[in-house]
Amino acid sequence: MFVLADILFDPSETSPDKISEAIDDMGFDAKVQSVGENDKIEKIKLTISGMSCASCVGKIENHLKKQNGISKAVVALTTSSAIVEFERSEITARKIIQEIIEIGFQAELRNETDNFAILEQKTEIAKWRK
């Protein structure tokens, strides 16, 4: 289970890595999700469940692209995943996940080592093809 935290900080005082290390030192696992080229753009990877066809993919992508601050949203049915690029001053990762849930799907930060959701999605797709 992942818990998202939106942390505002002064870059002249600390860095995302130092914040992550401090959380780790308190006994919790922490990972910085920011991988954008500049300090305003972030990229998150999500696992999305509940998709069964290409129109589900289109529905999610179109809905996300309409949100202020989201510059790119790419959803893949076969891997039950999405990559979303956004400007953190406009929208948060938590809000992006909430937007996906509000249109009828489930979403969470993607754990690259957890392939269970992908296998579950393949079963669901196979069911719909029959």
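Inclusion of Ile48 among residues that are assigned to a helix (DSSP H, G or I), at pLDDT 90 or above and either touching a strand residue (DSSP E or B) at 6+ places or on another chain (Cβ under 9 Å) or on the phi < 0 side of the Ramachandran plot (or both) is not warranted.
Within the range 75-94, being part of a strand (DSSP E or B) and open to solvent by 40 Å² or more (accessible area, probe 1.4 Å) holds for Ile83, Glu85, Glu87.
Within the range 1-14, is even one residue open to solvent by 70 Å² or more (accessible area, probe 1.4 Å), acidic (Asp, Glu) and at pLDDT 80 or above? Yes. For the range 17-30, the set of residues classified as assigned to a loop (DSSP other than H, G, I, E, B) and surrounded by fewer than 12 Cβ atoms within 10 Å (Cβ to Cβ) consists of Met26, Gly27, Phe28, Asp29, listed by residue number. Apart from one condition, Lys72 fits all of (1) open to solvent by 80 Å² or more (accessible area, probe 1.4 Å); (2) at pLDDT below 90; the exception is (2).
The values are calculated or read from the model by the stated rules, or taken from the named source; none is laboratory data. Because the structure is a prediction, the values reported are computed rather than measured. Here the Cβ is made from the backbone with ideal geometry for all residues, glycine too, and neighbour counts use every protein chain on show. What goes into the accessible areas is simple: the full protein's heavy atoms, side chains included, and nothing from ligands, DNA or RNA. Shrake-Rupley method; radii C 1.70, N 1.55, O 1.52, S 1.80 Å.
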